Amino acid sequence: MDILINFFMEPLNYAFIRRGLLALILAGGINAVIGCFVVVRGLSFFGDALAHAVLPGVALSYTAAGGAVRANLFVGGLGAGVLAALLIAFLTRNGRLKEDTAIGLVFVTMFALGIAIISRQSSYNLDLTHILFGSINGISQGDLRIMAALGSLVLLVTCVLYKQFVIISFDLSLAHTIKLPVEGLRVLMLILISITIVASLQAVGIALMLALLITPAATARLLTYRLHHMMIVATIVGILGGLAGFYLSYYMDMPSGASIVLTMSTLFLLVYVFKSLWVQLATPRSNATSKATKTTVSVKTKVK
Amino acid sequence: MTDTQPSKNEHILTAPALAVRNLCAGYPGDQYAIDQLTFSVGSGERVALIGPNGAGKSTLFKVVAGLIPITHGTISIGGEDYRSSHASIGYIPQQNEIDWSFPVAVRDVIMMGRAHRSRWLPWWRASDHTAVQALLEQLNLTALANRQISQISGGQRRRVFIARALAQGSRVLLMDEPFTGVDTAAQQEIMNTLDVLTHQGITILLATHDMGRAARDFDRILLLKRHMLAFDVPQAVVKPDVLQQAYGAALTVFQEGRKTMFIVGEHGAEG
């Protein structure tokens, strides 16, 4: 028992690790909730693109701070993220461009701009690695406060507009019929995804950000069939996966971002296999039921 | 109020449930998908909308539901401009326009119809729950209330969407091809539900390719091919010379004794 307690308590002796764990709890929770909308609306590519599109903003923050590691990533990242979301929303309004094309365009342009800005710094490789793969151990008390504030804002807006977000995600025709501000809600959701990504950027970095956004939600989707249940399960998976991944990285001496993502992916795989087996075991009974309820459909065909 | 001059309220009470005047609409860049359409439908009336693919049936529904803007003309619902009464229009889109894998239960879908009543409240009110429960019972969906929408049959899904439209408080129901991909038993169940609704004074416009059902079960038929080609009782519309205006060579006419049969592709009717 003592060994088990020591296993969990030992890393907590360090203040920077305690801050890192708190950051993971916050990031896991926010990403899981917003990630559910990303998964059910098929916005995974958008999430990945946004995570990369924040790079120029983050890079500008670095440059403004003279390349200091303590530079505030949130301000620049948030600006670039919101700008990217608005650009994509603008390019896709009225079906002028297909969504994936607009996302691809904005994504590569902004990412390239970010690389160009960072390349002007003398510590190019160090900075790029820090931004791409995150630095969970470098999270300050101030970063935590900003994460908590941004996370609370995202959760509050999602909670207040939950009904509206569900309607525009499930059936746009109803949204129009009852005169919801569909375009405004769509843009707002894209902005919320941007804020979520920026809030979690320091935990896992740009390259692995998408995993935090979609893996817990995808895992929860396999286990639930109502959106609010999916959000609850995704939050549990997101937080537990984050913490487990962190402990794994501590004891296996692995980069924390990679370890967290691999832990979450393993959880998804386990649930997927378990669900597939469960469905196979239940199949004979459900087949019998569906056969019993089916009736023959007769269709008149044209005789030539 | 005097005997000779009806008040504004009386005008609304006696106004058609749906009135369309000189309506032109369509997607940008195209010629009008519907052109100079004028018709009106009374309260509790049941109208079948028929016409070949691309005739503008879905476009008409989307315009009335407010999804596509009007280019020219007017639409009124119960005497009021349609833009001020969207909640009273229940629109049931084609099956392929809905993501059936979406994680919502039957109860959640019906509840969506109540969203405009407590628009900016984050929670549902007790009256919303009561109304949804009553609709589940009325449409015989109680046993399916907590099932995911993908786990019920096509016919049941149509009834769920009818329940959602009723939860909206709709007095005009627009149903876009609700019989497509639904077996005959389920089609009859939908018709039985519509019988009850028309008795309650709800107006129904239903797009279908099934001319047999249109002729049998509807008060009037609107034959559409961008323009309105006919709008009359079924006996006056389901006739070779009238139908050929819309379907042209695609229409085959069979004579079997005193019966005339019309076949358009896979869909037939007797006249």
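Rounded to the nearest angstrom and listed largest first, the equivalent-ellipsoid semi-axes of chain B from its Cα gyration tensor are 31, 25, 18. Taking the fewest neighbouring Cβ atoms within 10 Å as the starting point, the ordered list for A:Cys159, A:Cys36 is A:Cys159, A:Cys36.
Tell me, how many Å apart are the Cα centres for the range B:66-112 and for the range A:206-253? For the range B:66-112 versus the range A:206-253, the Cα centre distance is 36 Å.
The range A:146-187 and the range B:155-203 have their alpha-carbon centroids 29 Å apart. Going from the residue with the fewest nearby Cβ atoms within 10 Å to the one with the most, A:Ile5, A:Ile30, B:Ile202 rank A:Ile5, B:Ile202, A:Ile30. In terms of overall dimensions, chain A has a Cα radius of gyration and Dmax of 22.0, 84 angstrom.
Stretching the chain fully between A:Ala282 and A:Met9 yields a gain of 94.0 nm (0.36 nm per residue, less the alpha carbon separation). Counting every other Cβ atom within 10 Å of each residue's Cβ, B:Lys62, A:Lys98, B:Lys57, B:Lys225 order from fewest to most as A:Lys98, B:Lys225, B:Lys62, B:Lys57. Rounded to the nearest 0.05, what FRET efficiency do B:Thr38 and B:Gln151 give with R0 = 35 Å and r taken as the Cβ-Cβ distance? Could you check? Taking R0 as 35 Å, the efficiency between B:Thr38 and B:Gln151 is 0.20. Taking every Cα-Cα distance in the range B:59-131 and sorting them into 10 Å bins starting at zero, the pair-distance distribution P(r) comes out as 15, 38, 35, 11, 0 percent. All other residues with a Cβ under 13 Å from the Cβ of B:Val233 taken together, and with Lys, Arg as +1 and Asp, Glu as -1, what is their net charge? After counting each charged neighbour, the total is 0.
Restricting to DSSP H runs of at least four residues, report the calculated mean residue ellipticity at 222 nm for chain A, -39500 (n - 2.57) per run over all residues, nearest 500 deg cm²/dmol. Display every interim value, and only then the final one.
Values: 13 runs with 245 residues, N = 304.
Helix-only estimate at 222 nm: -27500 deg cm²/dmol.
The Rg/Rh ratio for the range B:160-226, using Cα coordinates for both the radius of gyration and the Kirkwood hydrodynamic radius, is 0.94.
Kirkwood radius and radius of gyration were both taken over the C-alpha atoms of the range B:109-252, and their ratio Rg/Rh is 1.05. Magnitude of the charge dipole for the protein assembly as shown, about its Cα centre and with charges confined to Cβ atoms of Lys, Arg (+1) and Asp, Glu (-1), is about 300 debye. Take the Cα pairs of the range A:125-204, get the Kirkwood Rh, then feed it into Stokes-Einstein at 10 °C and 1.306 mPa s and tell me D in µm²/s. Rounded to a whole number, D works out at 109 µm²/s.
Annotation: the range A:133-179 has a Kirkwood hydrodynamic radius of 13.2 angstrom, from the mean reciprocal C-alpha pair distance. Both radii come from the Cα set of the protein assembly as shown: Rg as radius of gyration, Rh as Kirkwood radius; their ratio Rg/Rh reads 1.06.
Each reported figure results from applying straightforward, stated rules to the coordinates on display, with no laboratory input. Everything numeric here is computed off the predicted structure, so don't read it as measured data. As a convention, Cβ positions derive from the backbone with ideal geometry for all residues, glycine included, and neighbour counts pool all protein chains shown.
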